[in-house]
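Read the structure below first, then the notes.
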Amino acid sequence: MQKNSMNPYLNARLFAGMTRPKAAMLLIVSERSLAEYELDGRAVPDWLVLKMTEMYRTPWLRVQHLQRNPVFCDIFGLVPINDTEGIKILRVHKEVSDVSKLLPEMVEKTLNKTELGSRMIKECREAAQSLLALIGSEREVAK
């Protein structure tokens, strides 16, 4: 991701590494509409969020979209997600993804009783820290 935005739709597109023009073309919306969605200037239709999650490969965007809807949160007794939690969720996704890419190599080294190395340990530590930060914020909300 290139920058920390508070907008989950922009974050998802950046996570996918897509430019706004390319994403707009593939989503079949105007660049201007996509820009407005990404700058919180316009509500994003549910059908478009479904297309975004599929195209960007970001299933967590569905959850963040619903958690921005006060009616949905009220019906299911959820606390609407705030922007800080959204960034924490993105961080967890990124860090866990990094570890999962290393998993085959980690398993092989573990089975061969070979040292994992500082890079693998660093990635695991970063994933654990991001998970703990997210869990900590959920506990604060529950109080």
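Quick look at the values:
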{"quantity": "Condition check for Ala43: part of a helix (DSSP H, G or I), surrounded by fewer than 16 Cβ atoms within 10 Å (Cβ to Cβ) and not assigned by TED's automatic domain parsing to the domain that holds Ile89", "calculated": "no"}
{"quantity": "Looking only at region 46-60, and only at residues there that are without any contact (Cβ under 8 Å) to a residue 12 or more places away in the chain and part of a helix (DSSP H, G or I), the one that is farthest from Pro70 (Cα to Cα)", "calculated": "Glu54"}
{"quantity": "Selection from region 30-57 of residues that are touching a helix residue (DSSP H, G or I) at 6+ places or on another chain (Cβ under 7 Å) and more than 14 Å from Asn7 (Cα to Cα)", "calculated": "Ser30, Glu31, Leu48, Lys51, Thr53, Met55, Tyr56, Arg57"}
{"quantity": "Out of Lys88, Lys101, sole residue that is at pLDDT below 80, assigned to a helix (DSSP H, G or I) and not assigned by TED's automatic domain parsing to the domain that holds Pro45", "calculated": "Lys88"}
{"quantity": "Matching residues, region 17-38, being within 12 Å of Met52 (Cα to Cα) and not in a helix (DSSP H, G or I)", "calculated": "Met18, Ile28, Val29"}
{"quantity": "Output for region 99-137, where each listed residue is of a type in the set (Val, Ile, Thr) and either in contact with a Gly (Cβ under 8 Å, 6 or more places away or on another chain) or surrounded by fewer than 16 Cβ atoms within 10 Å (Cβ to Cβ) (or both)", "calculated": "Val107, Thr110, Thr114, Ile121, Ile135"}
{"quantity": "Check on His93, surrounded by 14 or more Cβ atoms within 10 Å (Cβ to Cβ), modelled with pLDDT of 80 or more and either acidic (Asp, Glu) or not assigned by TED's automatic domain parsing to the domain that holds Ala12 (or both)", "calculated": "yes"}
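The values are calculated or read from the model by the stated rules, or taken from the named source; none is laboratory data. Note that the coordinates shown come from a computational prediction; the quantities given were computed from them, not determined experimentally. Every residue, glycine as well, gets a Cβ built from its backbone with ideal geometry; the counts of neighbours run over all protein chains shown.
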